[in-house]
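Presented below is the structure to which this report refers.
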There are 2 protein chains.
Amino acid sequence: MKEVTLKEIAIELGISITTVSKALNNYSDVSPKTKAAVLKLVEQLNYKPNSFAVNLRTKESKTIGLIIPEIVHHFFSNIVNAIIEKAEKKGYLVIILQSNESEKLEKKQIDLLISKRVDGILMSLSNNTKNLDHLRKVIDHNIPLVLFDKISKLIDCSKVIINDRSAGYDATEHLIKSGCKKIAHIRGPLNPQNSIDRFLGYKKALTDYNLPFNNSLIFTCEKVSFEEGYNFAKKIYTEHKDVDGIFAITDLVGIGAVAYFNEVGIKIPQQIAIIGFSNWFMSTVISPSLSTIDQPGFEMGKNALKLLLKEIKAQKKEREFKYKTIVLPTHVIKRNSTSN
Amino acid sequence: MKEVTLKEIAIELGISITTVSKALNNYSDVSPKTKAAVLKLVEQLNYKPNSFAVNLRTKESKTIGLIIPEIVHHFFSNIVNAIIEKAEKKGYLVIILQSNESEKLEKKQIDLLISKRVDGILMSLSNNTKNLDHLRKVIDHNIPLVLFDKISKLIDCSKVIINDRSAGYDATEHLIKSGCKKIAHIRGPLNPQNSIDRFLGYKKALTDYNLPFNNSLIFTCEKVSFEEGYNFAKKIYTEHKDVDGIFAITDLVGIGAVAYFNEVGIKIPQQIAIIGFSNWFMSTVISPSLSTIDQPGFEMGKNALKLLLKEIKAQKKEREFKYKTIVLPTHVIKRNSTSN
């Protein structure tokens, strides 16, 4: 179909292009009769305003960029769900990019979003991101930026997080209160702040309850996968038969551990108790169901978007905006993989 | 930060705007020395080409619209994963919208994408979409459209699907060959073509193997949820004690049924065999693990994008393009919820 222009509408009705444009934008100096005629013709001709031209005028793209490490992940897909749903209600579209845990790809994606002139960027860092120049670039370009979940403390912008340290503490404390005396931790990679913090929470709980910290009971995932959970559980069972509790960095890793112990006939939680992190739906349907920490993905997405839109609005009105960090509450969900 | 323009770069270097533009686009009639000088200054000044202006010139937005019913769904998140990964490699960004199974929202989203002048639209229909005018509108606007998974046979465009009828047949045949004599089907909603087709496959397999079809053994999901699987399993167990096999419309529904039978101590597959559809990761970790049909989400996304980009390219070069329907192969994955 041929594109209809304002000019054609103007010629058809014998009025000026300016009048057509004013009618479409509901200016008060155009008569109701003319407005009605324009709107009727627009409808008939299937006219769509050229959004690029509109963009050039308003300097707004009405799009938001979202960069996450991985979309096929229950937690992130919940966040994406919240963001696209709420953004659409506010008239924004969302361009989603996936860094696949690569710093290089992340940098490229930031450049892409800057060149696309998005109105703002929401982002959760990849596990391998060490250099932060690309985030500073976003801020230098005056593009509102909100980090969520995997953030860097070195970047000055709004953030939405949970308190991973206290959540890690709570998970470990739950195992201790269930009677565990020797607790292993299958932790995340060394770099991301949230895996460091969960580990520190674990360590602090041991200290507070007078349990010895033993470095040989720390197992470090690279991919945070089901297979790693399975293999580390095997290692724990083979090399540390007296371990009676495991705190796993995520539910997926915890489910891998459950699968191993089920396979070799070790009773959960009687012989070994397991707690995960994140509350995937999957954790409710395995046997035994997995105790976990509730990590509020939908709430996180919703709040991150809210902060971003506030900053975009403030920028538009040239009002000062103070960066804000929202810390969402978490809690232990007790299921059948831990006793008490 | 102030935006840098081509003009400022030209003034700074004492050359024309055209030369700057040519240097940036690597034209051969600009000397390597000038090119190097322009690139160096561009880097220093952090210049970004204005993508709206570029869009106006090239009439391409280099963005693709993607509408799916639900993102927090293993199958769809796999599709999204494939699409954004492959699109990015080809220089396209993806705007993702979620119809939440609402025809009304779907229509609104199509209008949005048209007004955003996306270069093409990829789409899986909501379960409740009956009127198809909005799809015809996309085609009327000359915007390439590819439907995948949940499609309509009434729309003339490229499609990527599986053969749901033969896959439903295979699932049912697998139960029959495992020794089931009385097989119930927990089906999807009445409207979507794929749930109709899986049901027809089920019916055909019964006929071919001389098993009576009994309408009271058909249970219809509205939301295709875990809870519906659980509740229908309860109903089957209470009202049809002699049913020895269940074909569930998706793994999630099948997992709900497994949960119910586990709870009441019915042995799977000895007393009742269950097969799902879609091959979620979750199905491998429950006990017993769920037999299923492999539905290739990643392949589907990849192929849908490929067809769309081909059509976009053909349109750009004003070449004729013939719509194509790709039917991806599926197969039975045997696990512990079925015997033999």
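All of the numbers you see were taken from the coordinates with simple rules; none came from a lab. Values in this document were obtained by computation on a predicted structure and should not be read as measured data. Heads up, the Cβs are rebuilt from the backbone with ideal geometry, glycines too, and the neighbour counts pull from every protein chain shown.
A compact table of results
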quantity: Residue (of A:Val243, A:Leu66, A:Leu307) at the positive-pole extreme of chain A, dipole from beta-carbon charges; calculated: A:Leu307
quantity: Listed residues A:Pro269, B:Ala10, B:Ser339: farthest to the positive end of the dipole of the protein assembly as shown (Cβ charges); calculated: B:Ala10
quantity: Cβ neighbours within 10 Å from other chains - mean over B:280-286; calculated: 5
quantity: Per-peptide average of other Cβ atoms within 10 Å, ordering B:77-84, A:256-263 highest first; calculated: B:77-84, A:256-263
quantity: Fluctuation leader among A:Ser102, A:Ser21, A:Ser291 - chain A, Gaussian network, Cα springs under 10 angstrom; calculated: A:Ser21
quantity: Under 5 Å, built H, 5+ apart or other chain: amide partners of A:Ala273; calculated: A:Gly245, A:Ile246
quantity: Total charge dipole magnitude, the protein assembly as shown, about the Cα centre, Cβ charges on Lys, Arg, Asp, Glu only, Debye to nearest 20; calculated: 1540 debye
quantity: Copies compared at A:Leu190 - label distances in nm, ascending, label defined 7 Å from Cα in the Cβ direction; calculated: 6.2
quantity: Under-5 Å amide H pairs with A:Val94, H placed in peptide plane, nonlocal only; calculated: A:Ile64, B:Ile96
quantity: Sorted by Cβ density within 10 Å, fewest first, the residues A:Arg335, A:Arg136; calculated: A:Arg136, A:Arg335
quantity: Relative contact order, percent, chain B [alpha-carbon distance under 8 Å, six or more residues apart]; calculated: 16 percent
quantity: Centre separation in Å (Cα based) which lies between the stretch B:120-140 and the stretch B:91-106; calculated: 11 Å
quantity: J(HN,Hα) series, the stretch B:229-238, from Karplus relation 6.51 cos²θ - 1.76 cosθ + 1.60, nearest Hz, glycine and proline x; calculated: x, 4, 5, 5, 4, 4, 5, 4, 5, 6
quantity: Karplus-derived 3J(HN,Hα), 6.51/-1.76/1.60, for each residue of the stretch A:115-127, Hz, glycine and proline x; calculated: 5, 7, 6, 5, 7, x, 10, 10, 7, 10, 5, 6, 5
quantity: Per-residue mean of C-beta atoms belonging to partner chains within 10 Å, peptide A:68-81; calculated: 4
quantity: Integer Hz, Karplus 6.51/-1.76/1.60 couplings in order for the stretch B:144-151, x for Gly and Pro; calculated: x, 9, 10, 9, 9, 6, 9, 10
quantity: FRET efficiency estimate (nearest 0.05) - Cβ-Cβ, A:Ser225 to B:Val264, R0 56 angstrom; calculated: 0.95
quantity: Volume of the Cα convex hull of the stretch B:87-164, divided per residue and given in Å³; calculated: 104 Å³
quantity: Ordering of A:60-73, B:242-255 by burial proxy (mean other Cβ atoms within 10 Å per residue, highest first); calculated: B:242-255, A:60-73
quantity: Distances in nm from B:Thr207 to the matching label points in the other copies, shortest first (labels 7 Å along Cα to Cβ); calculated: 7.3
quantity: 10 Å-binned pair-distance histogram of the protein assembly as shown (Cα, whole percent); calculated: 3, 13, 20, 23, 20, 12, 6, 2, 0
quantity: Value of D in µm² per second that Stokes-Einstein yields for the stretch B:6-49, Kirkwood Rh from Cα pairs, at 37 °C (0.692 mPa s); calculated: 327 µm²/s
quantity: Qualifying lysines (Cα of each under 16 Å from Cα of B:Lys235; at least 8 residues distant if same chain); calculated: B:Lys182
quantity: Fewest-first sequence of B:Lys130, B:Lys137, B:Lys159 by Cβ atoms within 10 Å of each Cβ; calculated: B:Lys130, B:Lys137, B:Lys159
quantity: Gyration tensor verdict on chain A (Cα atoms; rounded if a/c is under 1.5, prolate if a/b is larger than b/c, oblate otherwise); calculated: prolate
quantity: Per-residue mean of C-beta atoms belonging to partner chains within 10 Å, peptide A:136-147; calculated: 1
quantity: Extension reserve of the B:Ser216-B:Lys316 stretch, reckoned as 0.36 nm per residue once the Cα distance is removed; calculated: 30.6 nm
quantity: Dipole magnitude (debye, nearest 20) for the stretch B:164-295, charges at Cβ of Lys, Arg, Asp, Glu; calculated: 280 debye
quantity: Euclidean distance between Cα centres, the stretch B:300-339 to the stretch A:204-254, Å; calculated: 43 Å
quantity: For A:Leu145, residues with placed amide H under 5 Å, excluding near neighbours; calculated: A:Ile121, A:Ser158
quantity: Rg/Rh ratio calculated on Cα atoms of the stretch B:164-295 (Kirkwood radius); calculated: 0.92
quantity: Simple Cβ-charge dipole of the stretch B:6-49, Lys/Arg +1 and Asp/Glu -1, about Cα centre, in debye nearest 20; calculated: 80 debye
quantity: DSSP-defined beta bridges in chain A - what % are antiparallel, rounded to 5; calculated: 5 percent
